[in-house]
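Presented below is the structure to which this report refers.
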Amino acid sequence: MAINTIMSLLENKEFLEFLRLGVIYVHLVACCVAIGLVLTSDVAMVRNLLRRKVFVEHDNAHMESLQRSVIVSLIALWITGIAVVGIDYLEKGVEYFMNPKLQAKVIIVALLSYNGVLLHRMVLPALQKVGSLLNLGFSARMLALACGSLSAVSWMYAAMLGVGRPLAWKYSLSELLMAYPVLIALGFLTMLVLTQRAKHQDDYVAPARTVASAC
């Protein structure tokens, strides 16, 4: 009986429209929350980097809370995204999966998920251990910068694709993703310049402090 009721609802076009609207609303809220958290975190990291601030216990707790919130938002995006795809599949059939915009969003969210695992298992523990991005070894610092750049760009790019309805079927997958690696590279280079600048300043200030304390 319940199965028959569900099947009849899924065949009701008006019900599917309202269901899709509700799922997209949750999808957008999750995306907005994640973007807000990521941008806030990135701005704080750049500010702390320029001030050469060292992580304390409060910062560590905040970073862990931030990471958990982003993971929850990412899971919500996957669940609601799959739901939207399923609803659209019922209406448009298999041809819907050939939409380049859909394929681009899936690729970016998959990269975000893998990047989130790297951040959680490698970058965040390393930052908590040494206390500052500047204190990381070269390889660990490059990984942190790459993951951070990919995260910020990917969330913004995914949001752009999500609201860009005119992009559907108009451009190929390669055209839609053409600017994606370029923006990641620009973000990485920007953070690299900032960290190198802050590290040089730190290397210059440290000997001066040593001399001053000796005097």
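A search for C-beta distances below 8 Å between a residue of the stretch 178-198 that is part of a helix (DSSP H, G or I) and any residue that is among the charged types (D, E, K, R), counting only pairs 6+ apart in sequence or on different chains, returns THR195/ARG141; ALA198/ARG52. Counting the residues of the stretch 157-178 that are closer than 16 Å to ILE108 by Cα, modelled with pLDDT of 85 or more and not aliphatic (A, V, I, L, M) gives 4. Selection of the stretch 71-106 for residues being free of Cβ contacts under 8 Å to residues at least 12 places away in the same chain and either outside any helix (DSSP H, G or I) or among the charged types (D, E, K, R) (or both) yields LYS92, GLY93, GLU95. For the stretch 90-108, the condition holds for no residue, the condition being that it is more than 20 Å from ARG20 (Cβ to Cβ), at pLDDT below 85, among the aliphatic types (A, V, I, L, M) and touching a Phe, Trp or Tyr at 6+ places or on another chain (Cβ under 8 Å).
The values are calculated or read from the model by the stated rules, or taken from the named source; none is laboratory data. Note that the coordinates shown come from a computational prediction; the quantities given were computed from them, not determined experimentally. Don't worry about glycine lacking a Cβ; one is built from the backbone with ideal geometry, like all the others, and counts go over all protein chains shown.
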